[in-house]
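Remarks on the structure that follows.
The values are calculated or read from the model by the stated rules, or taken from the named source; none is laboratory data. Predicted, not measured: the structure shown is a model, and the values here were computed from it. Here Cβ is always computed from backbone atoms with ideal geometry, including for glycine, and neighbour counts include all displayed protein chains.
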Amino acid sequence: MTANGWLQIGFFLLVIFALTKPLGVFMAKVFNREKTFLDFALKPIERLIYRAAGVRDEREMAWTEYGTAMLLFSAVTMLVLYLMQRTQHWTLFNPQKLANVAPDLAWNTAASFTTNTNWQAYTPETTMSYLTQMAGLAYHNFASAAVGIALAIAIYARYVRQLTGGWRKGYVVSAVFAFYLNVFVLVVQLFQKIPALKEISPTQNDPPFKITQLVVLLAFFTLGVIAALKFHDRPVASNERTLPAK
């Protein structure tokens with residue numbers, strides 16, 4: 001590697017280390033509903049979004065609301081990305097007149113970018129239009145990480161909130177879902193890397209691969225239901241039912 005390459009890597013690491021503490025402190029304040037230096041600019045926007053979405057800022061979400069919101073957000077954004085790929089030939093910012101992406105590849109790409117695995121089984125410059133890459137793939141590079149942060153809040157619920165009230169089921173359902181996503185990707189990798197599995201399902205569109213993923217999905221769905229039923233709520237103190245105003 002050239003000296004310029006090492007210099008760029010060093011500069012990048014320096015920036016990361018420099019931002020770690022101040023950004024971490026800022027995020028901790030946001031999650032704990034403490035005042036931040038950006039409140040004067042972002043609080044009005046936040047209130048507008050909450051009002052439009054019908055969100056009550058002073059009330060915590062139940063685990064069902066938390067999980068449903070996360071799953072619906074991911075499902076809708078994945079569907080939008082899929083449709084963008086399937087219709088890109090007729091949309092803007094496609095000077096090369098690239099064809100619509102094939103259904104299986106479009107679905108695979110949408111699912112992988114939604115789950116932050118970003119699996120690219122194609123050449124972007126000859127497959128995806130500028131609009132698809134900018135408004136679809138680049139958007140999911142941010143949104144999927146944001147969903148990951150939302151899942152991290154479930155860990156916050158476990159260790160800081162001590163799993164009181166609905167946070168208990170919120171944590172266990174989120175943990176099972178996150179574990180499922182990891183196993184889903186693991187199965188994909190196994191069918192790609194292991195010769196015996198790749199031989200019986202070379203395109204990952206064959207019955208053995210689909211049956212395996214279906215079994216994994218059913219197993220984790222069952223596990224999630226059992227865990228949610230077994231993980232009983234712990235009573236919440238009266239002063240914990242609403243969030244303190246900022």
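Annotations
- Filtered by the rule that a residue be surrounded by 13 or more Cβ atoms within 10 Å (Cβ to Cβ), without any contact (Cβ under 8 Å) to a residue 24 or more places away in the chain and in a helix (DSSP H, G or I), the range 90-107 gives a lone residue, Leu105.
- Pair list, Cβ < 7 Å and 6+ apart or interchain, from the range 196-212 residues that are within 16 Å of Asn108 (Cβ to Cβ) and assigned by TED's automatic domain parsing to the domain that holds Asp104 to residues that are surrounded by 11 or more Cβ atoms within 10 Å (Cβ to Cβ) and among the small types (Gly, Ala, Ser): Phe209/Ser201
- Search result, residues across the range 28-66 that are more than 28 Å from Val173 (Cα to Cα), among the aliphatic types (A, V, I, L, M) and not in a loop (DSSP other than H, G, I, E, B): Ala41, Leu42, Ile45, Leu48
- Residue in the range 13-20 that is modelled with pLDDT under 90, more than 23 Å from Ala150 (Cα to Cα) and outside the structural domain of Ala110 (by TED's automatic domain parsing) present: yes
- Filtered residues of the range 200-220 (kept if closer than 23 Å to Gly67 by Cβ and loosely packed, with under 13 Cβ neighbours inside 10 Å): Leu214, Val215, Leu218, Ala219
- From the options Thr64, Thr2, Thr36, Thr20, residue that is in contact with a helix residue (DSSP H, G or I) (Cβ under 6 Å, 6 or more places away or on another chain) and among the β-branched types (Val, Ile, Thr): Thr36
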